[in-house]
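The values are calculated or read from the model by the stated rules, or taken from the named source; none is laboratory data. Note that the structure is a prediction, hence the values are computed from the model and not measured. As a convention, Cβ positions derive from the backbone with ideal geometry for all residues, glycine included, and neighbour counts pool all protein chains shown. Areas reflect the complete protein model, heavy atoms only, side chains present, ligands, DNA and RNA absent. Shrake-Rupley method; radii C 1.70, N 1.55, O 1.52, S 1.80 Å.
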Amino acid sequence: MELRHLRYVIAVAEELHFGRAAERLNMTQPPLSQQIRQLEDEIGTKLFRRTNRKVLLTEAGEAFVREARQIMTHADHAAKVAVRASRGEIGQLTVATVTSTESGFFRIVVDILRAFTVRYPNVRLLLRSLNPDQQVTALHEGRIQIGFLTLPVDDENLEIEAVRSEPLILAMPENHPLSRFRSVSLRMIASQPHVMFSRSTFSGYYDLIVSSFRNAGFSLNIVHEADAIYTVLALVAAGVGVSLLPASIPETPRHGITFRKIQGSLPHIEMGAAYRRETPSNVLLAFLDVAREVVGHREQRQKSIRLPRPVRSTSASSARTKG
């Protein structure tokens with residue numbers, strides 16, 4: 001028994017005439033009659049009572065037609081669901097982002113999530129707060145499908161798309177001795193106690209900053225490591241030390257903290273989206289399209305934001321210098 005047999009029975013039941021049913025099905029009457037008889041033989045009972053003047057449904061036929069209509073409705077629905085799934089219009093997507101809500105990077109992520117939700121309201125989005133190293137692990141384990149994180153990330157199994165790049169800025173306590181300068185040199189920064197993102201959670205970023213100072217001939221005096229940007233800001237405000245942070249951080253007023261530009265060559269901090277290189281799901285492909293569109297629009301307004309395209313992210317590519 002096939003779905004076409006159900007369509008044949010439904011058509012005859014609704015027309016109560018084999019000729020009209022055959023015309024409706026775009027076939028001739030003899031093959032239709034033959035298919036109905038074969039179906040009746042297969043199920044072992046008559047579905048129609050035939051006379052020279054009319055065609056009537058048997059009691060078994062009425063029951064069969066009821067069930068056949070439900071099956072055809074479910075089959076049509078299944079086909080529509082499959083098409084929508086192929087377009088990424090339904091399903092579920094787990095997205096991870098760094099815990100900070102303090103930076104311009106997070107605001108881009110919010111814009112992407114908002115645009116995707118408007119365009120694909122039937123996709124269920126699950127949001128996880130994970131640091132970069134946790135995101136890489138979660139991607140490999142399949143617990144998330146895409147992660148927004150700080151770069152560099154050097155993993156041959158992941159695809160990296162740049163989302164935002166911005167210079168670093170120095171955060172210091174109010175009335176700090178360096179606050180009397182409009183900008184500070186790497187030598188000045190190296191002489192100060194430094195609050196740094198933890199290497200256990202931001203390994204790529206940590207190594208990039210430390211190596212950049214080392215290449216310039218200086219060693220950072222790291223006195224404290226923190227797992228989140230709001231912890232870094234709290235420690236700076238408390239006078240524990242200074243810290244290198246994304247330049248968008250001062251866009252929100254910070255009580256007890258002063259910011260200064262940096263003299264000399266330091267890499268920009270780059271943020272990106274990471275996902276597994278293996279064939280992505282249709283929902284993820286739809287999400288990536290929206291993300292590229294959002295970032296592309298922001299690029300038109302802010303030259304520091306780059307339109308993301310699939311690129312391999314390595315320490316070398318992420319260590320490009322300002323200017």
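Hey, can you tell me all the residues within the stretch 25-37 that are part of a helix (DSSP H, G or I) and surrounded by 13 or more Cβ atoms within 10 Å (Cβ to Cβ)?
Within the stretch 25-37, Gln29, Leu32, Ser33, Gln35, Ile36, Arg37 meet the criteria.
Open to solvent by 20 Å² or more (accessible area, probe 1.4 Å) and among the hydrophobic types (A, V, I, L, M, F, W, C): which single residue out of Ala22, Ala60, Ala13 fits that description?
After applying the criteria, what remains is Ala60.
Going by the structure shown, is Glu42 of a type in the set (Asp, Glu) and open to solvent by 80 Å² or more (accessible area, probe 1.4 Å)?
yes
In the stretch 192-200, is there at least one residue being open to solvent by 20 Å² or more (accessible area, probe 1.4 Å), under 20 Å from Val98 (Cβ atoms), not hydrophobic (A, V, I, L, M, F, W, C) and not in a helix (DSSP H, G or I)?
Yes, the stretch 192-200 contains a residue that is open to solvent by 20 Å² or more (accessible area, probe 1.4 Å), under 20 Å from Val98 (Cβ atoms), not hydrophobic (A, V, I, L, M, F, W, C) and not in a helix (DSSP H, G or I).
Of all residues in the stretch 151-191, which are within 26 Å of Ala234 (Cβ to Cβ), open to solvent by 50 Å² or more (accessible area, probe 1.4 Å) and assigned to a loop (DSSP other than H, G, I, E, B)?
Glu174, Asn175, Phe181, Arg182, Ser191
Which of the residues spanning the stretch 213-263 are among the hydroxyl-bearing types (Ser, Thr, Tyr), more than 15 Å from Glu166 (Cβ to Cβ) and within 31 Å of the chain's Cα centre (by Cα)?
Tyr230, Thr231, Ser243
Condition check ((1) modelled with pLDDT of 90 or more; (2) buried (at least 20 other Cβ atoms within 10 Å of the Cβ); (3) closer than 30 Å to Val294 by Cα; (4) more than 30 Å from the chain's Cα centre (by Cα)) across all residues:
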| position | (1), (2), (3), (4) |
| --- | --- |
| Gln70 | yes, no, no, yes |
| Asp76 | no, no, no, no |
| Ala79 | no, no, no, no |
| Ala82 | no, no, yes, no |
| Glu89 | no, no, yes, no |
| Gln92 | no, no, yes, no |
| Val95 | yes, yes, yes, no |
| Thr99 | no, no, yes, no |
| Arg114 | yes, no, yes, no |
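For Val290, indicate whether it is among the hydrophobic types (A, V, I, L, M, F, W, C), under 30 Å from His224 (Cα atoms) and modelled with pLDDT of 90 or more.
Against the criterion (among the hydrophobic types (A, V, I, L, M, F, W, C), under 30 Å from His224 (Cα atoms) and modelled with pLDDT of 90 or more), Val290 does not qualify.
Condition test on Arg312, is it at pLDDT below 90, open to solvent by 80 Å² or more (accessible area, probe 1.4 Å) and touching a strand residue (DSSP E or B) at 6+ places or on another chain (Cβ under 6 Å)?
no
Can you pull out the residues in the stretch 230-256 that are in contact with a Pro (Cβ under 8 Å, 6 or more places away or on another chain) and either surrounded by fewer than 20 Cβ atoms within 10 Å (Cβ to Cβ) or in a loop (DSSP other than H, G, I, E, B) (or both)?
Across the stretch 230-256, the qualifying residues are Ala237, Ala238, Gly239, Val240, Gly241, Ala247, Gly256.
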